[in-house]
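What follows is a short report on a single structure.
Each reported figure results from applying straightforward, stated rules to the coordinates on display, with no laboratory input. All figures in this text were calculated on a predicted structure; none of them were measured in a lab. As a convention, Cβ positions derive from the backbone with ideal geometry for all residues, glycine included, and neighbour counts pool all protein chains shown.
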Amino acid sequence: MSKYGQIYIGTILLEKNRHASGKQPSFRVSEWLARFAEAGFDGMELWEYHATRCAPEELAALETSSFPVTVFNSYAAVDDTGAKDRDAAARMAKRLRAQGLKYNVGKGPAARDVYLARTREWRAMFPASFRFLCECHPGTIIEEPAEARRFFDEAALPSFEIIVHPFNRLESLKGWFDAFGSAVTHAHLQMRGDDRLCRRFDSNPKVAKEAIHVMREEGFTGSFELEFTQGAQPGPAENEQIGDLWQNALRDLEFLKGLLA
């Protein structure tokens, strides 16, 4: 761990089926846990399907592992269609002793009141100390800081945390801190080129350094997740090579550690 926060590996980074229709895992996370630890990651943000669509013995290996599931990455809908998925995500996060859960609010402005109600219900499934982490994702109704602030003011949750995207949304980074201050506690890291394809962090060191500078100036002491790296494809990814993704992730990790030193 750096003095500026923990660094997690996102298991979605290595998953070539992340955008496939069936979301069927292509590898066993348990077989990578030793490598994650040896590389120096502090934990993992677990793509939910790596736990919910795996064999019983794989789930057992994740459940008994000493390498922590620091964040459970859920895609359950925060509307009336997602009740079973939210309940299942809560149960799985607890089973794996996750420290937090990442979620997204929906895209439909007309459903805002439903999103508010279901978000409150989901938050109530966890203790106050649990990290309830909202990824205010582009395309959702809270992709802008001001809208997100209004949403959470109205939600009146006992506690919540905000995820930012420093390297690929640098232009709005300061606005998230202005709106939420110390509630900004987690960062999803990916670097995009002009073609919008993923690149290693060292492909644009100026942006990376500026983002970390802003976060330091704002007093950020939260966590970082390596979300995507060079070689991750935006759509079907049959040609992705997990070994190449891992090597690029290791280079990103060392680059990030250098920025945080």
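Note on the chain: Kirkwood hydrodynamic radius from all Cα pairs is 18.7 Å, rounded to one decimal. Put simply, the amide H of Ala187, placed in the peptide plane, has neighbours under 5 Å in Val164, Ser223, Phe224, Glu225, leaving out anything fewer than 5 places away on its chain. Treating r as the C-beta distance of Glu218 and Asn239 and R0 as 35 Å, the FRET efficiency rounds to 0.35.
Between Asp202 and Arg95, the simple label model (points 7 Å from Cα in the Cβ direction) yields a spacing of 4.1 nm.
Separation of the stretch 150-172 from the stretch 90-128 is 14 Å, based on Cα centroids.
The mean of 1/r over all pairs of different alpha-carbon atoms in the stretch 182-223, once inverted, gives a Kirkwood hydrodynamic radius of 11.4 Å.
Given their separation in residues at 0.36 nm each and the Cα-Cα distance between them, Glu254 and Lys174 gain 26.3 nm when the chain is fully extended. Applying the Kirkwood pairwise sum to the alpha-carbon positions of the stretch 142-261 produces a hydrodynamic radius of 15.4 angstrom. By the compact-protein rule of thumb, 2.2 N^0.38 Å, the alpha-carbon radius of gyration of the stretch 13-115 corresponds to a ratio of 1.14.
Considering only the Cα atoms of the stretch 1-72, their convex hull presents on average a projected area of 4.9 nm². The label-point distance for Ser159 and Tyr75, in a model that sets each label 7 Å from Cα toward Cβ, rounds to 2.9 nm.
With 29 Å as the limit on Cα-Cα distance, the pairs of Lys16/Lys257; Lys16/Lys174; Lys94/Lys206; Lys16/Lys107; Lys23/Lys102 that go past it are Lys16/Lys174; Lys94/Lys206. Each 10 Å bin from 0 upward holds the following percent of the Cα-Cα pairs of the stretch 114-155: 26, 56, 18.
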